[in-house]
Amino acid sequence: MESYEIELNRKIIPVKAIRNITGHNILRYKIHGDKQLPFVKTRTTQRMEEGDVFAIETFGSTGKAYLRDDVGVYGYGCNEHASATGLRHASAKSLLKTIHENFGTLVFSRRYLERIGVKNYHLGMRSLVSNGIVESYAPMVDVPGSYVAQFEHTVLLRPNCKEVISRGDDY
């Protein structure tokens with residue numbers, strides 16, 4: 001990816017591979033599994049296996065090619081290993097029940113909560129996040145003024161081939 005470039009305002013700008021982000025395997029009801037799939041050379045000993053499903057992700061940037069968390073939240077996801085026994089707020093308990101019923105461990109956004117009719121969830125969500133029951137995900141950025149692009153396909157590893165299960169008009 002290092003050899004690519006874009007033309008912007010009559011200037012040629014190189015596009016670099018972002019090295020601190022990887023693809024990953026996808027497990028049942030868990031979008032980010034336990035295997036990472038770097039798209040730059042590393043010393044990993046992890047191996048893909050038959051039956052694995054992977055999100056093959058590539059990221060490019062016109063900046064320093066290193067992403068960091070920005071301010072704000074773009075989504076949430078339940079921490080499947082966290083205990084809710086210490087929750088005191090009724091709003092947090094009710095919200096957690098709604099999250100489990102509608103999303104399980106899948107990532108969701110505030111907009112998804114609003115679509116299913118959840119109102120006044122901010123205090124409950126703050127309690128769930130501060131207790132580690134729900135994780136919040138910040139948008140990722142490179143240096144100010146840079147452009148970042150991401151492309152992704154989901155692949156199932158069959159015994160003798162790979163199957164692109166996110167196949168669409170772009171593939």
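What follows draws every value from the coordinates through simple rules; no lab data is involved. Nothing here was measured: the structure is a model prediction, and the numbers come from that model. Neighbour counts are summed over all protein chains in view; Cβ atoms, including those assigned to glycine, are modelled from backbone coordinates with ideal geometry.
Here the condition is being in contact with a His (Cβ under 7 Å, 6 or more places away or on another chain), closer than 30 Å to residue 17 by Cα and crowded, with 18+ Cβ neighbours inside 10 Å; of 65, 55, it holds for 55 alone.
Which one is nearest to residue 77 (Cα to Cα), of the residues in the range 93-102 that are in contact with a strand residue (DSSP E or B) (Cβ under 9 Å, 6 or more places away or on another chain) and surrounded by 15 or more Cβ atoms within 10 Å (Cβ to Cβ)? So the residue we want is 99.
One line per residue, one yes/no per condition, for (1) in contact with a Pro (Cβ under 8 Å, 6 or more places away or on another chain); (2) without any contact (Cβ under 8 Å) to a residue 60 or more places away in the chain:
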position	(1), (2)
12	no, yes
23	yes, no
56	no, no
60	no, no
77	no, no
82	no, yes
91	no, yes
96	no, yes
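Screening the range 103-171 for strands (runs of 3 or more DSSP E) wholly inside it with 3 or more residues that are farther than 13 Å from residue 76 by Cβ and free of Cβ contacts under 8 Å to residues at least 12 places away in the same chain returns the ranges 162-164.
Could you please find all residues in the range 27-53 being out of contact with any Ser or Thr (no Cβ under 7 Å at 6 or more places or on another chain) and within 17 Å of residue 107 (Cβ to Cβ)? Let's see the steps before the verdict.
Restricting attention to the range 27-53, the residues satisfying the condition of being out of contact with any Ser or Thr (no Cβ under 7 Å at 6 or more places or on another chain) are 27-28, 31-35, 40-52.
The answer is 27, 28, 31, 32, 33, 34.
Test residue 72 against the criterion of being under 16 Å from the mean Cα position of the chain (by Cα), surrounded by fewer than 11 Cβ atoms within 10 Å (Cβ to Cβ) and within 30 Å of residue 35 (Cβ to Cβ), and give yes or no. Yes.
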